[in-house]
1. Straight-line reach from K221: which aspartates and glutamates fall under 17 Å, measuring Cα to Cα and dropping same-chain residues less than 8 apart?
2. As a footprinting exposure proxy, order D97, D89, D59 by other Cβ within 10 Å, with the fewest listed first.
3. Is the shape of the range 2-270 best called rounded, prolate or oblate, per the rule: a/c under 1.5 gives rounded, else a/b larger than b/c gives prolate, else oblate, with a ≥ b ≥ c the square roots of the Cα gyration tensor eigenvalues?
4. Among the listed pairs K217/K269; K73/K270; K16/K129; K190/K270; K29/K114, which have their C-alpha atoms separated by more than 25 angstrom in this model?
5. Among H57, Y75, F158, which residue has its Cα positioned farthest towards the positive end of the charge dipole of the range 2-270, with +1 placed on the Cβ of Lys and Arg, -1 on the Cβ of Asp and Glu, and the dipole taken about the Cα centre?
6. About its Cα centre, what dipole magnitude does the chain give when the only charges are +1 on Lys and Arg Cβ and -1 on Asp and Glu Cβ, stated in debye to the nearest 20?
7. Taking the Cα centre of the range 4-103 as origin and charging only Cβ (+1 Lys, Arg; -1 Asp, Glu), how large is the dipole, in debye to the nearest 20?
8. Are any of the pairs K14/K143; K43/K121; K107/K199 more than 19 Å apart by Cα-Cα distance, and if so, which?
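What follows is calculated from the coordinates using simple rules that are stated; it is not laboratory data. Computed from a predicted structure; not experimentally measured. In this analysis, Cβ positions are derived from the backbone assuming ideal geometry, glycine residues included, and neighbour counts consider all displayed protein chains.
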Amino acid sequence: MVEIHKIVYNIAMKYKCPICSEELVIKDKTMVCANNHSFDRAKSGYFNLFITNSTNHGDNDLMARARRDFLNKGYYQPLKQAIINTISDHNPQNLVDLACGEGYYTKDFPINDKCGIDLSKKAITIAAKQDKATQYIIASIFKAPLYDHTIDCITTIFAPVAIDEINRLLRPGGIFILINPGIDHLYELKQAVYEDPYKNEETTFNFEHLNLLEIKKVQGKINLETNEDIKNLFTMTPYYLKTSRHDAAKLDNISQMIVTYDFNIHIFKKDL
Ligand SMILES: C[S@@+](CC[C@H](N)C(=O)[O-])C[C@H]1O[C@@H](n2cnc3c(N)ncnc32)[C@H](O)[C@@H]1O
């Protein structure tokens, strides 16, 4: 039985041509399919497989840089370690990080065959420059250029949940790890900006074909020691896009802040 499992599932991740769905093969600095559709590798190492005219290009350059600078300070290291432990528990052969951003988490996932997908060119460029062990791809997570039922583990961290794609990509028994903010996440930051700050709603996820195994909580306080760190944290969140300049300017003169982090790690297993 063990041997059959290996034969069926222990195969390298295959990329699908976004034009004709034939398999893409990497030749020198190009991904090319049997119909000669080809995609050049960017200097930093990613491939751009996003070919639609969508106006959604993911997070902008400012948000991507803010997130890189904030995360590189290690404030969210406890979350990263908890995700790494969760992945190790399930020992997947391959992994896709959907909406991987700048690859802060992806780059340390203990998997040889892994891919990070995001729409933001800036985020993917940052990720690909820092991490040569992961294949980074510009594409929509709602149309991932990968084949059905070929993925052992999918992560989605603070990003839209492309549940139909997740079900399409995961092999039977595959693992989906979803991280979202808990009710107290960043409450002090919201208090500093909004007249009537609100706590996050506790979200319950019910997905067809995915069985919830466990929810792990990662909670604590971080001491933001500079105004730059405070502003980077604000800029990397969706609050940045929703807040008036007047309210955002309230952060200008704050030089230190203790903030609560509150994360939920949901672990699902796909039906066999
Ligand atoms: C809040 S960030 C999280 C990034 C990363 N997971 C992290 O936690 O560091 C959300 C990410 O989702 C990406 N994104 C949003 N919509 C997307 C889509 N339809 N396809 C691919 N990426 C998308 C954005 O570009 C951004 O990088």
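1. D184, E188, D229, D262
2. Fewest-to-most ranking of D97, D89, D59: D89, D59, D97.
3. Here the range 2-270 falls in the prolate category.
4. Pairs exceeding 25 Å: K73/K270; K190/K270.
5. Going by the Cα projections, it comes out as H57.
6. 680 debye
7. Computed charge dipole of the range 4-103: roughly 200 debye.
8. Listed pairs above 19 Å: K107/K199.
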